[in-house]
Amino acid sequence: MLDLKFIRNHPDAVRAGAAKKHIPCDVDRILELDKANRALGVDIDGLRQKQKEAGKNMASASPDERKELIAAQGTLKSELKGLEAKQTEVGDELKALLLLVPNVPADEVPDGKTDEDNLEIAVVGDLPKFDFTPRSHSEIGEQQDWLDVIRGARLAGSRNYVLKGDLSLMEGAIMRFALDTMVAKGFTPLSVPTLVRTETMVGTGYFPGGEDQAYKCDDRDDLCLVGTAEVPITALHQDEILDGSTLPLRFVAQSQCYRREAGTYGKDTKGLYRVHQFQKVEQVVIDVADEAQSLEHHQQILRNSQDVLEALDLPYRIVNVCGGDLGQPQIQKFDIETWMPSRESYGETHSASRFHSFQARRLNLRYRDADGKVHFCHTLNNTVAASTRMLIALMENHQTAEGQIRIPEPLRPYLGGRELVGKPL
């Protein structure tokens, strides 16, 4: 969340940021509640001081004076109870509204309402040229008996699937290559829970507002399935004060991910593009509150994902995400979209985000600097590889006329050294 003091001192900037993101935000009500809450605090402190003074006078009071003091204490107690209840009510409403305030986007974020307004800033790699009619990934998968969506739907409903044989092995190869690449870059590998508490979803900015996209367990458990390992990684040091000299922390984790894909009925229903369950390797950086360092980290985590795509010889482009397509927590986000021949377009495969202290404030994630002062951390994250969409790009860009898949050299050690997988069709 944003610092309440920042909202108080820069209400116009907060309003403008919310307007740029096309997210409703009642700044006036927040300021009204903030003022009321502070005034109630003053009144409560005053009553408590009167109670303290009356208590001191009790010992030296005469019997009649003591009766008066006891009666006055009862009145003070009743007044104090009423004010405290009012402050709780005001504070709860204020906290609920603060959780809805979007982060103020960077000046470099372009204006726009949807992903169609995102600004292309780089195109990398040559698009494949086929001297045959290329197949879609779903056609290859079904013809090679690698992809079973019928039994996947029978097991778990629509948008589910079963990977078989070499396609299952390719998924594992992509994930392991992505993980190994990040470990070689100095990131600490983690194995994290994919079931997290609701407060963790709130702390990382996915709730409130994203409940319709998450799978929530029974209320008695208060647990949700994550849509990305970003959630447990970023919250790993929740409510802690880190030693600033140990920062930055660079983490990477491979996990299962779950998303409802609410609101996408009838969209991308065929194949692996928009599914409920997939694997992902995610990178997270936690560092000191320094804007220049956050910018540097943002470029580094973007470059990390580019390195993976370029190693696999997959053409892609980078877009600067517009305000209307930017989530509530982000300062700025770059999406990487990889070429997918069957779509005749680029499809989103990576999202690199920086948040400044937005997530850290919600998580109470702090560090102590060399002078002993405590600050909220800055956080960033980016996809390294998402299994299903990377499989689409790999299968479709590296297919042969016979329906086999040419394996990029970095993946061959994970697939027994094979250069081709699949039988000629």
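For a quick check of your reading: which strands (runs of 3 or more DSSP E) sit entirely within region 247-353 and have at least 1 residues that are open to solvent by 20 Å² or more (accessible area, probe 1.4 Å) and aliphatic (A, V, I, L, M)? Before the answer, list the steps.
Details: elements: 249-258, 277-287, 316-320, 332-340.
Here the list reads 249-258.
Answer yes or no as to whether TYR367 is in contact with a helix residue (DSSP H, G or I) (Cβ under 6 Å, 6 or more places away or on another chain) and part of a strand (DSSP E or B).
Values: in contact with a helix residue (DSSP H, G or I) (Cβ under 6 Å, 6 or more places away or on another chain): yes; part of a strand (DSSP E or B): yes.
Yes; evaluated as a whole, the condition is true for this residue.
Kindly provide the set of residues from region 133-156 that are part of a loop (DSSP other than H, G, I, E, B) and over 16 Å from GLU344 (Cβ atoms), ordered by number.
Start the filter on region 133-156 by keeping residues that are part of a loop (DSSP other than H, G, I, E, B), which leaves 133-136, 144-146.
Matches in region 133-156: GLN144, ASP145, TRP146.
Give just the number: which of (1) part of a helix (DSSP H, G or I); (2) surrounded by 16 or more Cβ atoms within 10 Å (Cβ to Cβ) does HIS237 not satisfy?
(1)
Report yes if ARG159 is open to solvent by 20 Å² or more (accessible area, probe 1.4 Å), in a loop (DSSP other than H, G, I, E, B) and in contact with a helix residue (DSSP H, G or I) (Cβ under 9 Å, 6 or more places away or on another chain), otherwise no. Walk me through how you get there before you give the answer.
Values: open to solvent by 20 Å² or more (accessible area, probe 1.4 Å): yes; in a loop (DSSP other than H, G, I, E, B): yes; in contact with a helix residue (DSSP H, G or I) (Cβ under 9 Å, 6 or more places away or on another chain): yes.
The answer is yes for ARG159.
Would you confirm, using the coordinates I've provided, whether ARG389 is in a helix (DSSP H, G or I), in contact with a Pro (Cβ under 9 Å, 6 or more places away or on another chain) and of a type in the set (Lys, Arg)?
Details: in a helix (DSSP H, G or I): yes; in contact with a Pro (Cβ under 9 Å, 6 or more places away or on another chain): no; of a type in the set (Lys, Arg): yes.
Answer is no for this residue.
Just to verify a result, which residue in region 383-425, among those that are farther than 30 Å from ARG354 by Cα, touching a residue at least 60 places away in the same chain (Cβ under 8 Å) and of a type in the set (Gly, Ala, Ser), is most open to solvent (accessible area, probe 1.4 Å)?
Here the residue is ALA401.
Quick grid of which residues meet (1) out of contact with any helix residue (DSSP H, G or I) (no Cβ under 6 Å at 6 or more places or on another chain); (2) closer than 17 Å to ALA385 by Cβ; (3) modelled with pLDDT under 95:
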position	(1), (2), (3)
GLN238	no, no, no
ASP243	yes, no, no
THR246	yes, no, no
ARG250	yes, yes, no
GLN256	yes, yes, no
GLU261	yes, no, yes
TYR265	yes, no, yes
LYS270	no, no, yes
VAL275	no, yes, no
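The values are calculated or read from the model by the stated rules, or taken from the named source; none is laboratory data. Not measured: the values here are computed from a predicted model. We place every Cβ from the backbone using ideal geometry, glycine too, and count neighbours over all the protein chains shown. For accessibility, only protein heavy atoms count, side chains too; no ligands or nucleic acids. Shrake-Rupley method; radii C 1.70, N 1.55, O 1.52, S 1.80 Å.
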